[in-house]
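I have placed the structure first, in the form of structure tokens, so that the comments after it can refer back to it.
The values are calculated or read from the model by the stated rules, or taken from the named source; none is laboratory data. Remember, predicted model here, so these are calculated numbers, not experimental data. Heads up, the Cβs are rebuilt from the backbone with ideal geometry, glycines too, and the neighbour counts pull from every protein chain shown. In case anyone asks, the SASA skips ligands and DNA or RNA and just uses the protein heavy atoms, side chains included. Shrake-Rupley method; radii C 1.70, N 1.55, O 1.52, S 1.80 Å.
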Amino acid sequence: MKKSIVIALLTAVIVFVAPATQAADDAKDKSAQTPKPERKQKQMPFRGKVGAVDKVAKTVTLEGKEKSRTFQVTSATKITNDGKPGVMDNVVVGQTVGGLAKQNATGKLEIVTLNIGAKPGKTKDAEKKGETK
């Protein structure tokens, strides 16, 4: 009688523990197979007065109230000058610029788009206001 109880208990343990172990292994496999989505790089707009331009290092430094910020110009940067395609040589100290930047893996700010001069559409709005007065 003792042997039959022991055998029944062992059988019950094997029947219930094996599927639970397999389910835990399946859950581990699924988490290992499912790649986590990469974090999208956060982009931020910027606007300010150019304090310095380094054409060799391809950087633009904007003056700030508390501190200046330096942005890296890359080969992927789209530059516009008064709404028309532009180049790095168009950037001059004292100009107002704006655009969109993102932080790279090393923590530096890279310019995605750089707009030199007035915002596109601003001059048209100013002309319309001047005509109506």
| said: Restricting to the stretch 100-118, and then to whatever is farther than 10 Å from M44 by Cα and of a type in the set (A, V, I, L, M), can you tell me which residue is surrounded by the fewest Cβ atoms within 10 Å (Cβ to Cβ)? | reply: A105
| Options K119, K129: the member that is charged (D, E, K, R) and modelled with pLDDT under 55 | K129
| note | By residue number, the members of the stretch 73-89 that are closer than 15 Å to T61 by Cα and either open to solvent by less than 50 Å² (accessible area, probe 1.4 Å) or free of Cβ contacts under 8 Å to residues at least 24 places away in the same chain (or both) are V73, T74, M88
